[in-house]
Amino acid sequence: MKHVLSARQFSKKELTDLFAKTDLLYKIFNSPGGRQKLLKKHRGRTLAALFYEPSTRTRMSFEAAAHCLGLSTLSTENALEFLSAKKGESIQDTARVLSNYADVIIIRHPGTDTVDEATLTSKAAIINAGDGKNEHPTQALLDLYTIKKEKGVINGLKIGIIGELFHSRTLHSLVYILANYDVEFFLISPKDIKLPSNYTEYLRSKGKGFHETESLDKVITKLDVIYINRVQRERHENQKTAGPSRYVIKLDSLKRIKPDAIIMNPLPRVDEIDPQVDTDPRAAYFRQAENGLFVRMALLDKVLSDNT
Ligand code: NCD
């Protein structure tokens, strides 16, 4: 594997191997002397993180994962302002030059083609950390890992994907990655921000069953996974559609969901999950974010080993 651009590129076998690696790294990390051992894994190699959009978890967990594996990091937030993009430099030139300084380059960008364009000139592996409203494949990896860890299995689950499905790159990648398994999709959103047809076409082409509905109330009792995302306000031109979340998980909802269901969210959580829900054992979103460190460690280990 050279670059990581889309959740579609992962086969079931690659996912199984990646998650076995994640479990192993977690075990080593938490064993006596394990952290010292991990530091030797990729000492002398470098990760560059170019973030042209805000990020809390993705950038920090990638950098933390890199440090745990002994890599050095070069990092810029607010790259539209701080890199020469500000002066009109193309991503192809930026990637060409920076790939002399780093073995792997993580990029988050508001454009939907920009991360792909970086691969045209980069000698280093490129990892898509979110390209506009398109995809966020590494989030899907940690989401799938979390589902597997929390539920024990993936096949047979009824998965509710709820809220803003139109601009949610995390959910686009999640749909792609879950299409490797036999799950039943419940796509729950207002009609004006429903999942774009290229994703439902993809599910059809893979023979996957899905239901589309506007009513969370009608299906919430059936769901094994309740995956809700915030309204992607920054991507809406029309302020009417950018209003508050039309679905909210609150204390009352907890009475109706399955006792062994899990509630997920890529974070940041804004108004779609009441903070009072956080102490319920079914609230998995902070465990999900914690898993990000180990899944990204495993991914970096794989990409660096594949590109030695
Ligand atoms: C997501 C993103 O940036 O797309 N955040 C993340 O990486 N966990 C989700 C979001 O912002 O809604």
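What the table shows:
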{"quantity": "Only one of LEU47, LEU18 that is away from the ligand (no atom under 16 Å from the Cβ), under 21 Å from the mean Cα position of the chain (by Cα) and either without any contact (Cβ under 8 Å) to a residue 60 or more places away in the chain or not in a helix (DSSP H, G or I) (or both)", "calculated": "LEU47"}
{"quantity": "Residue identified as among the basic types (Lys, Arg), in a helix (DSSP H, G or I), more than 25 Å from ILE193 (Cβ to Cβ) and away from the ligand (no atom under 12 Å from the Cβ) among ARG287, ARG296", "calculated": "ARG287"}
{"quantity": "Residue ID - surrounded by the fewest Cβ atoms within 10 Å (Cβ to Cβ), chosen from residues in the range 34-74 that are of a type in the set (Val, Ile, Thr) and more than 16 Å from ALA298 (Cβ to Cβ)", "calculated": "THR56"}
{"quantity": "Condition broken by THR73, with the remaining ones in (1) of a type outside the set (A, V, I, L, M); (2) under 19 Å from SER122 (Cβ atoms); (3) within 15 Å of the ligand (Cβ to nearest atom); (4) not in a helix (DSSP H, G or I) satisfied", "calculated": "(3)"}
{"quantity": "Residue under evaluation GLU272, criteria (1) crowded, with 18+ Cβ neighbours inside 10 Å; (2) charged (D, E, K, R); (3) away from the ligand (no atom under 11 Å from the Cβ), criterion not met", "calculated": "(3)"}
{"quantity": "Flag if VAL231 is within 15 Å of the ligand (Cβ to nearest atom), touching a strand residue (DSSP E or B) at 6+ places or on another chain (Cβ under 8 Å) and closer than 24 Å to ASN291 by Cα", "calculated": "yes"}
{"quantity": "Residues of the range 51-70 satisfying the condition of being more than 22 Å from GLN232 (Cβ to Cβ), within 16 Å of the ligand (Cβ to nearest atom) and out of contact with any strand residue (DSSP E or B) (no Cβ under 6 Å at 6 or more places or on another chain)", "calculated": "ALA64, ALA65"}
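Bear in mind that the values in this text are calculations on the coordinates, not laboratory data. The structure displayed is predicted, hence computed values, not measured ones. Here the Cβ is made from the backbone with ideal geometry for all residues, glycine too, and neighbour counts use every protein chain on show.
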